[in-house]
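S.K.: Let me give you the structure first, and then I'll get to my questions.
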Amino acid sequence: MKYFVTVQANQVDYDAMEGKASPESPLWSRDDITAMVAFMGELNGELAASGELLDAQGFTAPAEARFVTGSPGREPAVTDHPYADTDVLTAGYWLLECTGLDRVTEIAARITQCPVPAGSPEYPVVIRPVGEAPSA
């Protein structure tokens with residue numbers, strides 16, 4: 001079964017990684033970022049070796065996002081930076097092929113152990129089973 005596993009953050013977390021701490025998110029040092037990248041690299045390597053990793057990516061800051069809305073017969077509206085003030089957004093993901101919910105939950109629990117600076121916000125790791133397309 002395929003699972004979409006996501007981690008979350010908000011704009012102030014990205015700002016803290018770039019040297020702009022806030023009451024909501026403490027400053028990330030170079031060592032903090034190095035530890036996070038090493039943790040993710042090790043996890044991704046193990047998931048690739050086990051054959052469970054189909055894809056994994058981290059997203060850029062929400063301030064770099066673009067939001068396009070529309071409906072049939074209406075001109076689409078384009079807005080820059082739509083998520084900059086959103087409380088929580090998807091910061092990155094893994095697309096995994098696992099034997100079942102217990103295994104992917106085990107992986108998500110491990111993801112929660114990624115090193116972060118003391119006082120960082122705690123966000124859940126979200127597991128979403130990928131559904132099959134309905135047959136025509």
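Readers should treat all values here as calculations from the given coordinates under stated rules, not as data from a laboratory. In this text the structure is predicted, and so the values were computed from the model without any measurement. All Cβ positions, even for glycine, are placed from backbone atoms using ideal geometry, and neighbour counts span all protein chains on display.
S.K.: Report the Rg/Rh value for the stretch 62-136, based on alpha-carbon coordinates and the Kirkwood definition of Rh.
M.R.: That ratio is 1.09, to two decimals.
S.K.: Next up: May I ask you to work out the translational diffusion coefficient for the chain at 20 °C, viscosity 1.002 mPa s, via Stokes-Einstein with Rh from the Kirkwood sum over Cα pairs, reported in whole µm²/s?
M.R.: In µm²/s, the coefficient rounds to 128.
S.K.: Can I ask one more? For the chain, what is the mean residue ellipticity at 222 nm derived from helices alone (per DSSP H run of n ≥ 4: -39500 (n - 2.57); sum divided by total residues; nearest 500 deg cm²/dmol)?
M.R.: -9000 deg cm²/dmol
S.K.: For Leu47, what is the net charge nearby, where nearby means another residue's Cβ is under 15 Å from its Cβ and Lys, Arg count +1, Asp, Glu -1?
M.R.: Surrounding charge for Leu47 is -3.
S.K.: Quick one: Cα convex hull volume of the stretch 14-65, Å³ per residue?
M.R.: In the stretch 14-65, the Cα convex hull volume per residue is 88 Å³.
S.K.: Any idea what the relative contact order of the chain is, in percent, if you count C-alpha pairs under 8 Å spaced at least 6 apart?
M.R.: 42 percent
S.K.: Given Cβ point charges of +1 (Lys, Arg) and -1 (Asp, Glu) and nothing else, what value in debye, to the nearest 20, does the dipole of the chain about its Cα centre take?
M.R.: That gives a dipole near 240 debye.
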